[in-house]
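First comes the structure, then the notes that go with it.
The values are calculated or read from the model by the stated rules, or taken from the named source; none is laboratory data. It should be emphasised that the depicted structure is a prediction, and the values quoted were computed from it without experimental measurement. FYI the Cβ positions are ideal-geometry reconstructions off the backbone, even for glycines, and counts take in every protein chain you see. Areas reflect the complete protein model, heavy atoms only, side chains present, ligands, DNA and RNA absent. Shrake-Rupley method; radii C 1.70, N 1.55, O 1.52, S 1.80 Å.
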Amino acid sequence: MIGCSCVVCTSPDKKDKRLRSSILVQSKTTTIVVDTTPDFRYQMLRANVKHLDAVVFTHPHKDHIAGLDDIRAYNFFSHKPMEIFANALTEEALRREFIYVFSENKYPGLPKVNLNTIEAEPFVVGDIPVIPIEVYHLKMPVLGFRFGKFTYITDANRIDENERQKIKGSKVLVINALRKEEHISHFTLNESVALVQELNIPAAYFTHMSHQIGKHEEVNKILPDNLQLAWDGLTLEF
Ligand SMILES: [Zn+2]
Ligand SMILES: [Zn+2]
Ligand SMILES: [Zn+2]
């Protein structure tokens, strides 16, 4: 956090250097990013992502959409608009916050997008089937996504029973855990641990942690081996 000198913010451990939450999902032919964070440009440079087929959005909060402008580099190389998948709530925010992208008067160099409005129905990007899972961030509906045996859920603090069924059978779940203390719109570490155990998921990584959660190494020591904090650059193969 800007201006903070706590043990996490001053830690020399690379795993304590956390950018905003996002994932890259890749098959042999298709590459998707879930959310364009304010760190999107640096995240794509760091991971050396040369080609991107689509962006799938979870919800309209700024820490999940702010980086959209930088998809223009992919437009430049692919000579086509970026496929964007968002629910109506996120679409409204994208149109408002990136008004120049959607305006009639387009000038050269603007990001180009092709907006696909999604709801709870499964959809396919290239050869990757995607199952949306609707979760709640206080009162805001947020989309989690299941890709085969992998499920990604961020910014949730409530998941209803029918949506929990969609997560069951995942081999790995990535789910938000903001900190140890209660929060109005995010699961705490204990709540996320309990959820993973209740759903019987064999392995989970926590994401969207605040610096308040403590150092990566120390938090992982108190967690079971199969439930650990995620870190920037973590790669999983299925
Ligand atoms: Zn701090
Ligand atoms: Zn949020
Ligand atoms: Zn967030």
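A few notes on this one:
- Rounded to the nearest 10 degrees, the inclination of helix 189-199 to the longest alpha-carbon principal axis of the chain is 90 degrees.
- With a cut-off of 14 Å between beta carbons, the residues surrounding residue 190 carry a summed charge of -2, where Lys and Arg count +1 and Asp and Glu -1.
- Estimated [θ] at 222 nm from DSSP helical runs (n ≥ 4, -39500 (n - 2.57)) normalised by residues in the chain, nearest 500: -6000 deg cm²/dmol
- Restricting the stretch 1-105 to GluC sites (Glu not before Pro) in coil, as DSSP defines it, with at most 14 other Cβ within 10 Å: 104
- With an a/c value under 1.5 for the gyration tensor axes a ≥ b ≥ c computed over the alpha-carbon atoms, the stretch 1-141 is described as rounded.
- Measuring from each cysteine beta-carbon in the chain, the ones with no other cysteine beta-carbon under 4.7 angstrom are 6.
- Using every pair of separate Cα atoms, the Kirkwood estimate puts the hydrodynamic radius of the chain at 18.4 angstrom.
- Listed residues 90, 29, 151, most fluctuating in the chain (Gaussian network, C-alpha, under 10 Å): 29
- Shown are 22, 5, whose ranking by accessible area with a 1.4 Å probe and every protein chain present, most to least, is 5, 22.
- Folded to 0 to 90 degrees: helix 88-97 orientation relative to the chain principal axis, Cα: 60
- Ranking 206, 159, 111 by Cα position along the charge dipole of the chain, where only Lys, Arg, Asp and Glu carry charges on their C-beta atoms, puts 111 farthest toward the positive end.
- Listed by chain and number, the lysines whose alpha-carbon sits under 24 Å from that of residue 215, ignoring those within fewer than 8 places in the same chain, are 14, 15, 17, 180.
- The fraction of accessible area contributed by carbon and sulfur in the chain is 53 percent, rounded to a whole number (1.4 Å probe; ligands and nucleic acids excluded).
- Highest-fluctuation residue, 27, 170, 192 considered, GNM on the chain with Cα pairs under 10 Å: 27
- Look at the dipole of the chain built from charges on Cβ: of 185, 216, 43, the Cα furthest out on the positive end belongs to 43.
- Within a straight-line Cα-Cα reach of under 18 Å, residue 149 can be paired with the following lysines, leaving aside sequence neighbours fewer than 8 residues apart in one chain: 28, 166, 168, 171.
- Remark: relative contact order (the chain) = 15 percent; criterion is Cα-Cα distance under 8 angstrom and separation of 6 or more residues.
- For residue 112, the aspartates and glutamates whose Cα falls under 19 Å of its own Cα, not counting residues fewer than eight places away in the same chain, are 35, 53, 69, 70, 83, 91, 92, 97, 104.
- Column: log10 I(q)/I(0), Debye, Cα scatterers of the stretch 71-164, q = 0.11, 0.21 Å⁻¹: -0.41, -1.11
- For the stretch 1-66, the fraction of C-alpha pairs more than 16 angstrom apart is 54%.
- Where trypsin sites (Lys or Arg not before Pro) fall in DSSP loop in the stretch 1-35, at most 10 other Cβ within 10 Å: 28
- Measuring only protein heavy atoms, the 1.4 Å probe finds residue 4 accessible over about 40 Å².
- Computed over the stretch 89-218, the percent of Cα pairs more than 24 Å apart is 40.
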